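Only the coordinates and a few stated rules stand behind these numbers; no lab work does. This structure is a prediction, so every number in the text was calculated from the model and none was measured. Cβ placement follows ideal geometry from the backbone for every residue including glycine, while neighbour counts extend to all protein chains displayed.
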Protein chains: 2
Amino acid sequence: MTTALTAPAPAVEACCTPLTSEALSAEDAQRFAQLLKAVAEPTRLRLVSLIAAQENKEACVCDLTEPIGLGQPTVSHHLKILVDAGILHREKRGVWAYYSIVPGALERAAAVLSPR
Amino acid sequence: MTTALTAPAPAVEACCTPLTSEALSAEDAQRFAQLLKAVAEPTRLRLVSLIAAQENKEACVCDLTEPIGLGQPTVSHHLKILVDAGILHREKRGVWAYYSIVPGALERAAAVLSPR
């Protein structure tokens with residue numbers, strides 16, 4: 001959790017009023033749109049999906065470039081957007097950074113679209 | 001349901017494999033990103049939310065321009081994107097078209113992000 005002190009408040013935590021329970025304020029709409037935009041991109045959806053599919057639920061860039069079919073700088077760029085949005089957690093261990101899905105992040109995003 | 005025969009298959013119906021249950025194919029990622037992009041925009045989120053907040057769960061453009069604070073052509077443009085994505089249903093009655101949320105559309109989108 002080395003980035004916790006300096007990272008901005010992730011959009012995923014700031015969003016909690018379900019879309020259909022009351023008229024969304026302009027501010028909440030902005031926050032939730034920002035969160036959805038982070039995942040509304042094919043490569044980023046595949047990255048989240050590939051990380052979730054790993055046996056230990058985490059992956060380094062080195063695991064992801066080949067199945068995604070893109071270079072390391074591009075994959076790292078997409079991973080950073082997902083980290084900034086609060087969807088992925090990044091942990092540096094030795095040479096590589098390892099990425100895992102923040103527990104509850106996708107569930108919280110889904111819950112804004114449709115309350116359970 | 002006057003648009004059903006000519007409309008393209010809505011992205012929301014084509015998506016059903018949850019993101020985290022197996023590695024997403026490039027094709028599924030493309031489809032789901034398209035669906036999320038339709039809602040990943042502050043004005044469109046507010047439109048969906050405003051329609052859901054109506055007493056009879058439907059609204060015409062005339063109900064939406066004032067609370068959204070945008071002109072009718074802009075609101076109509078955003079509504080069309082939501083209809084094309086399969087999130088809103090459009091029904092012409094007299095002078096106005098009435099928009100309602102397609103039953104289950106938001107639930108299906110949420111279920112791809114996070115299986116229930």
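For every other residue with a beta carbon closer than 14 angstrom to the beta carbon of residue B:64, add +1 if it is Lys or Arg and -1 if Asp or Glu, then tell me the sum.
Working: positive: B:44, B:46, B:57, B:80, B:90; negative: B:58, B:63, B:66.
That works out to +2.
Could you pull out which residues in the range B:55-87 have an amide N less than 13 Å from a spot 7 Å beyond the Cα of residue B:96, following the Cα-Cβ vector? Backbone N within reach: B:55-67.
Taking a Cβ cut-off of under 10 Å around residue A:113, the surrounding Lys, Arg, Asp and Glu residues balance to a net charge of 0, with basic ones at +1 and acidic ones at -1.
Computed from backbone phi, the HN-Hα couplings of the range A:62-73 come to 4, 7, 9, 4, 5, x, 7, x, 10, x, 4, x Hz, rounded to whole numbers (Karplus: 6.51 cos²θ - 1.76 cosθ + 1.60, θ = phi - 60°; Gly and Pro given as x). Once backbone amide H atoms are built at 1.01 Å from N, residue A:89 has A:100, A:101, A:102 as its partners under 5 Å, excluding neighbours fewer than 5 places away on the same chain.
To the nearest 0.05, what FRET efficiency results for residue A:76 and residue B:22 with a Förster distance of 22 Å applied to their C-beta separation? Kindly include the intermediate steps, with their values, before the conclusion.
Working: r = 24 Å, r/R0 = 1.10.
Computed FRET efficiency for residue A:76 and residue B:22: 0.35.
Using alpha carbon centroids, what distance separates the range B:80-114 and the range B:46-64, in Å? Taking the Cα centre of the range B:46-64 as reference, the centre of the range B:80-114 is 11 Å away. Diffusion coefficient (Stokes-Einstein, Kirkwood radius over C-alpha pairs, 37 °C, 0.692 mPa s) for the range A:24-113: 242 µm²/s, rounded to a whole number. Straight-line reach from residue B:80: taking Cα to Cα under 26 Å and skipping same-chain neighbours fewer than 8 places apart, the lysines in range are A:37, B:37, B:57, B:92. In order along the range A:76-82, the Karplus-derived 3J(HN,Hα) couplings, from 6.51 cos²θ - 1.76 cosθ + 1.60 at θ = phi - 60°, round to 4, 4, 5, 5, 4, 4, 6 Hz, and Gly and Pro are given as x.
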